[in-house]
Amino acid sequence: MDERNKRALLVGAFGTVAVFAVLFFAVGARDVIDALRSAAPSLVAATFVLALCWLAAWGLMLRSVLTALDVDISARKAFFVYAGAVFANNVTPFGQAGGEPVAALLISKVSDARYETGLAGIASVDVLNVVPSISLILAGVGYYATTAAIGDRLETAVGSAVALIAAIVLGMALAWRYRNTIAERLPAVLASRIGRFGFVQFDPETLEANIAGRLERFFENIERVATDRYRLTIVVGLSLTGWLFQVAALTAAFAAIGYSAPPYVLLFVIPLANLAGAAPLPGGLGGIEAAFVTLLVPTTGFPASAITAAVIIFRGAIYWMPVLIGGISASAFGVRAIE
């Protein structure tokens, strides 16, 4: 690990600790601990089982996308590969930027697919996950507005989320619109930059041609996924199923500590809180938990300590369990494919 990565990791870890310290100070650490001690073990276990169902649904998403790209991978392998991607997302700052390259590498190892094909597959999964999340936000907020007044804090959160998602969609649309220009010009820029670092073993012309070929194949693979309407319907359906399993998992986490959370609130709170994963913290750790508490306190009326306890159980299933499974999977795939 180079000095820059060490510094980023230390800054992210310090930020996570600081956010958790402020959160526990604000809600009362003793009350949170008491709520966790009173949690029903069977419902905590149910939270983790539902989280596994979420992970399986999005693993099947990855398999379906790869099938459209003529990559043969079993459902079991797809589950562990996707867990490896989630692991990478959860241990690197700024979320998805760390997961996709690792997942692409794992896909290429277990299926003999080209790296850019695997990258197109996992990138498609991440992009398509945005579609149901927008629908859930709009549906949940719309129903919530019929039962209670939308406060300024929630209005700001929803407005910010819509603006951020719109910016991401616009960026992707522009990249797709000018994909030919990118494929023509970017290889020369990258080849010259790599040459400046003193990698004399790379011939600039050969390197440029190699990068150009990979970019062309990447965009071709994205186009194949985007034009397969039947496959897209299946993939978006699996994505929605995964989101609903997360809603069920958080519902179970609240039930474990004796509270019944309105499902329509969780429908929009979960995707909104996950936007905090874009913060420069490892997988958004600390920031996402704080976002959950900030959104759930005014929308549920539950005590902040109880909400924090439920969120800790939920994040244990959604964050820490995939870190364990994905870390083991990534290590195993690095040595041999799981048969």
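The values are calculated or read from the model by the stated rules, or taken from the named source; none is laboratory data. On a predicted model such as this, the values are computed, not experimentally measured, just so you know. Methodologically, a virtual Cβ is constructed for each residue, glycine included, from the backbone with ideal geometry; neighbour enumeration extends over all protein chains shown. Please note that ligands, DNA and RNA were not included when accessible areas were found on the heavy atoms of the full protein model with its side chains. Shrake-Rupley method; radii C 1.70, N 1.55, O 1.52, S 1.80 Å.
General observations
- Residue pairs whose Cβ atoms lie under 6 Å apart, sitting 6 or more positions apart in sequence or on different chains, and linking a residue in region 230-247 that is under 15 Å from L62 (Cα atoms) and in contact (Cβ under 8 Å) with a residue 12 or more places away in the chain to a partner that is open to solvent by 30 Å² or more (accessible area, probe 1.4 Å) and hydrophobic (A, V, I, L, M, F, W, C), are V236/V131; L238/L60.
- Counted residues, region 118-128 - those being touching a Ser or Thr at 6+ places or on another chain (Cβ under 8 Å) and open to solvent by 10 Å² or more (accessible area, probe 1.4 Å): 1
- Residues in region 247-280 that are under 16 Å from I307 (Cβ atoms) and not aliphatic (A, V, I, L, M): T251, F254, G258, Y259, S260, P262, P263, F268.
- Qualifying residue in region 118-128 (condition: assigned to a loop (DSSP other than H, G, I, E, B), at pLDDT 75 or above and of a type in the set (A, V, I, L, M, F, W, C)): no
- Checked against the criteria, L296 counts as in a helix (DSSP H, G or I) and either over 20 Å from L55 (Cα atoms) or modelled with pLDDT of 90 or more (or both).
- Flag if G277 is open to solvent by 20 Å² or more (accessible area, probe 1.4 Å) and at pLDDT below 95: no
Listed here are the residues, each with its yes/no results for (1) of a type outside the set (S, T, N, Q); (2) at pLDDT 90 or above; (3) closer than 17 Å to W320 by Cα.
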| residue | (1), (2), (3) |
| --- | --- |
| A21 | yes, no, no |
| V44 | yes, yes, yes |
| L50 | yes, yes, yes |
| L55 | yes, yes, yes |
| M61 | yes, yes, no |
| S64 | no, yes, no |
| D70 | yes, no, no |
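- Residue in region 22-39 that is nearest to I312 (Cα to Cα), counting only those that are open to solvent by 30 Å² or more (accessible area, probe 1.4 Å) and among the aliphatic types (A, V, I, L, M): L36
Rundown of residues vs (1) of a type in the set (V, I, T); (2) at pLDDT 90 or above; (3) closer than 20 Å to P101 by Cα, yes/no style:
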position	(1), (2), (3)
T181	yes, no, no
V189	yes, no, no
R196	no, no, no
I211	yes, no, yes
A249	no, yes, no
A273	no, no, no
